[in-house]
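Scroll down for the structure; my scribbles are underneath it.
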Amino acid sequence: MNGTTILEIKEKYSGLQQAFKCRLLALNDDEAVVLYRLTADYQLHGISLSAGDISVGYFWPSRPYNVYHFLNPDGQTLAFYTNISDRTTISIEKIYWRDLIVDILTTPDGRCRVLDREELPADMDPTLLSYIENACEELLRASKTLQKEWARRTAAFIGSII
């Protein structure tokens, strides 16, 4: 499975889609774990990512979010970037998910920032808005525990990644 390519399809709230070819690291009924190696330098809300850095992405249909664990080529954590999401589906060929605008950026020093709340449309369905707020609260409440879980899980993949 470690060499299998899988397509990650991200649908923005606006309906625009982006697709990324990733390496599949793990797959079961309720989770996909993928590797993506950055091909260019990138600024992630003040975090400098470089070409060659890696992202280990975790996707769950049963959770209101997905997460990217960004690491440098030496395996050091650069950031955890959590997307509030819904409509996540997983198959052997693709991962599909809808980005619900709000993200949470956590850095190795423990800082946690909620991003892009100001971009939520004023006319957003109140049920969806509540879903987003509840997901944010859940993530902020469990941030340290989740970060440890993701770091531990990523460490298990490191040998095949680096």
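The mean of 1/r over all distinct Cα pairs in the stretch 60-105, once inverted, gives the Kirkwood hydrodynamic radius of 11.6 Å. Straight-line reach from K148: taking Cα to Cα under 16 Å and skipping same-chain neighbours fewer than 8 places apart, the aspartates and glutamates in range are D109, E138.
Over all directions, the projected convex hull of the C-alpha atoms in the stretch 73-162 averages 7.4 nm² in area. Can you spot the lysines whose alpha carbon is less than 18 Å from K94's alpha carbon? Ignore those fewer than 8 places along the same chain. Filter leaves K10, K12, K21. Every pair of different Cα atoms in the stretch 1-112 enters the Kirkwood calculation, which places the hydrodynamic radius at 14.3 Å. Of the solvent-accessible surface of the stretch 82-123, computed with a 1.4 Å probe over protein heavy atoms with every protein chain present, carbon and sulfur atoms account for 48 percent.
From the largest down, the stretch 88-134 spans 35, 34, 17 angstrom on the principal axes of its Cα atoms.
Over the residues of the chain, the helix contribution to mean residue ellipticity at 222 nm works out to -7500 deg cm²/dmol, using -39500 (n - 2.57) for each DSSP H run of at least 4.
Look at where the Cα atoms of the stretch 103-143 and of the stretch 1-66 average out, and the two centres are 19 Å apart.
The values are calculated or read from the model by the stated rules, or taken from the named source; none is laboratory data. Only a predicted model underlies this, so the values are computations on that prediction, with no experimental measurement involved. We work out accessible area using only protein heavy atoms, side chains counted, and drop any ligands, DNA or RNA first. Shrake-Rupley method; radii C 1.70, N 1.55, O 1.52, S 1.80 Å.
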